[in-house]
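The values are calculated or read from the model by the stated rules, or taken from the named source; none is laboratory data. Nothing here was measured: the structure is a model prediction, and the numbers come from that model. Here Cβ is always computed from backbone atoms with ideal geometry, including for glycine, and neighbour counts include all displayed protein chains. Ligands, DNA and RNA are stripped out before the accessible areas are found, and what is left, the full protein with its side chains, is counted by its heavy atoms. Shrake-Rupley method; radii C 1.70, N 1.55, O 1.52, S 1.80 Å.
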Amino acid sequence: MKYTIEITVAGCTTSCAHCYVNGGHAPTMSFDNFSFCAEKLAEVFKYLDGDIAVTTGNEPFCHPQITEILDCLSSTLPCYFSFADYFVPTTGAALINHKKRERILDLLRTFGANGFMLAVHGNKQTHDRLVNRTGSYYDIFKTADFLTAHGLEILFNLIVSKHLYVGLESVIDTMLSYKKADCRLTVPIYVPTTRMKQYQQHRADVRECIRISKVAHSRGISTDALLKYCEQFNERCIIDSIIADGFNYDSEKHLAPQWKFFNITQELDVYYGNVGAHTKLLGNMKKLSAEQLANKLSMMPANYDYNAYYPDNAFEDLEQKFKSLSSTRPSLVYPSKQDCIYALLQELNVDSLLL
């Protein structure tokens, strides 16, 4: 069993339209609370059997004491916090404007960090509008300049939407002008949070994705994943296949990874579910012993896929439910079958498990 426990240490400088955790301005966790949390988790993990990872969110660089937090993680949870296998995600502004940004890089390197991931929504107008912050587009490239100067790799994450096409050639050329930089196209997931419901107005359909893929391909960016999503995970395809072949929930659920997600808030409340997708409050860290909290974590089932957001009965008779959906709808594109089904259930007003 895998466990991922995210500690929300701060809010975020942006409020991105595609952010499934409803990121935005929020209180910071006090350093005393963080230190208590890290020490308690070190005790909790002694009782758990599995592959355990600790992450920090939403945008940890917004925390004025992020260097102290990273030092604390190094001394308290060194085996559970790592960037060795992936890029450090950031919106850019919090890092580039932090007074201790060089020290932050030094500390992140001790956790194996070799590169950063910067999300880009399109040209300046599109990007700033979709992240709800003026100047964010410039901050992305100021951050890229800073990271490049310090020898770090950059992964530009192009967020696919119906607006990405405008000025895309110029945006890609700017990104690829950086040494040690790469680009990829990312279709946002869907979970039934308030933010993601609102994002549907920006989600690209098959025609728009294909148009984007042609531009990206002409600039040497791989479009294989995007074209696969267009073919296999568009709404029309999923609706037609489920109406024709039915939906075996038990079989689909069995394919999901054995992976649990939990979130610890600034006030040390422990929730089952990822940030922004809480489904159950397990208690407060200050009121639970390490053994009690470990028992609560171990007793919860995996919540990586279907049962993370909806009760089991939501997936009964999907073929009948989907017959009511219009055949003339624009065929929006998702990165997986599950994401598409979640969105269609929401359209059908099926209640989710989210608090």
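For the residues 243, 239, the requirement of being over 30 Å from residue 177 (Cα atoms), over 18 Å from the mean Cα position of the chain (by Cα), β-branched (Val, Ile, Thr) and surrounded by fewer than 19 Cβ atoms within 10 Å (Cβ to Cβ) singles out 243. In region 150-192, the residue that is farthest from residue 208 (Cα to Cα) out of those that are among the acidic types (Asp, Glu) and in contact with a Phe, Trp or Tyr (Cβ under 9 Å, 6 or more places away or on another chain) is 153. Number of residues in region 76-94 that are closer than 15 Å to residue 155 by Cβ and either surrounded by 16 or more Cβ atoms within 10 Å (Cβ to Cβ) or over 23 Å from the mean Cα position of the chain (by Cα) (or both): the value is 7.
Find the residue count for region 102-127, including only residues that are open to solvent by 20 Å² or more (accessible area, probe 1.4 Å) and on the phi < 0 side of the Ramachandran plot.
11
Give the residue that is farthest from residue 313 (Cα to Cα), with candidates limited to residues of region 333-355 that are among the hydroxyl-bearing types (Ser, Thr, Tyr) and crowded, with 22+ Cβ neighbours inside 10 Å. By that ranking, first place goes to 334. A search for C-beta distances below 7 Å between a residue of region 318-339 that is under 17 Å from residue 20 (Cα atoms) and any residue that is assigned to a loop (DSSP other than H, G, I, E, B) and modelled with pLDDT under 95, counting only pairs 6+ apart in sequence or on different chains, returns 338/305.
Which one of the conditions (1) assigned to a helix (DSSP H, G or I); (2) over 29 Å from residue 57 (Cβ atoms) does residue 247 fail to meet, given that it meets all the rest? Among (1) assigned to a helix (DSSP H, G or I); (2) over 29 Å from residue 57 (Cβ atoms), the lone unmet condition for residue 247 is (1). Taking every residue in region 244-258 that is on the phi > 0 side of the Ramachandran plot and pairing it with any residue that is of a type in the set (Asp, Glu) and in a helix (DSSP H, G or I), at least 6 positions away or on another chain, the pairs with Cβ-Cβ distances below 8 Å are 246/319.
Yes/no matrix, rows are residues, columns are (1) at pLDDT below 95; (2) assigned to a loop (DSSP other than H, G, I, E, B); (3) open to solvent by 20 Å² or more (accessible area, probe 1.4 Å):
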{"site": "266", "(1), (2), (3)": "no, yes, yes"}
{"site": "271", "(1), (2), (3)": "no, no, yes"}
{"site": "274", "(1), (2), (3)": "yes, yes, yes"}
{"site": "282", "(1), (2), (3)": "no, no, no"}
{"site": "286", "(1), (2), (3)": "no, yes, yes"}
{"site": "302", "(1), (2), (3)": "yes, yes, no"}
{"site": "307", "(1), (2), (3)": "yes, no, yes"}
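Residue-level check: of (1) of a type in the set (Val, Ile, Thr); (2) open to solvent by less than 10 Å² (accessible area, probe 1.4 Å); (3) closer than 30 Å to residue 310 by Cβ; (4) in contact with a Leu (Cβ under 8 Å, 6 or more places away or on another chain), residue 131 misses just (4).
Could you tell me which of the residues 121, 127 is over 18 Å from residue 35 (Cα atoms), in contact with a strand residue (DSSP E or B) (Cβ under 9 Å, 6 or more places away or on another chain) and free of Cβ contacts under 8 Å to residues at least 24 places away in the same chain? Of 121, 127, the one residue that is over 18 Å from residue 35 (Cα atoms), in contact with a strand residue (DSSP E or B) (Cβ under 9 Å, 6 or more places away or on another chain) and free of Cβ contacts under 8 Å to residues at least 24 places away in the same chain is 127.
Return yes or no: is residue 58 buried (at least 21 other Cβ atoms within 10 Å of the Cβ) and touching a Gly at 6+ places or on another chain (Cβ under 6 Å)?
yes
Restricting the first member to region 177-193 and to residues that are on the phi > 0 side of the Ramachandran plot, and the second to residues that are open to solvent by 40 Å² or more (accessible area, probe 1.4 Å) and charged (D, E, K, R), the beta-carbon pairs closer than 9 Å and six or more apart or on different chains are 180/153. The number of residues in region 127-140 being within 20 Å of the chain's Cα centre (by Cα) and polar (S, T, N, Q) comes to 2. Residue 295 falls short of the stated requirement of being in a helix (DSSP H, G or I) and at pLDDT below 95.
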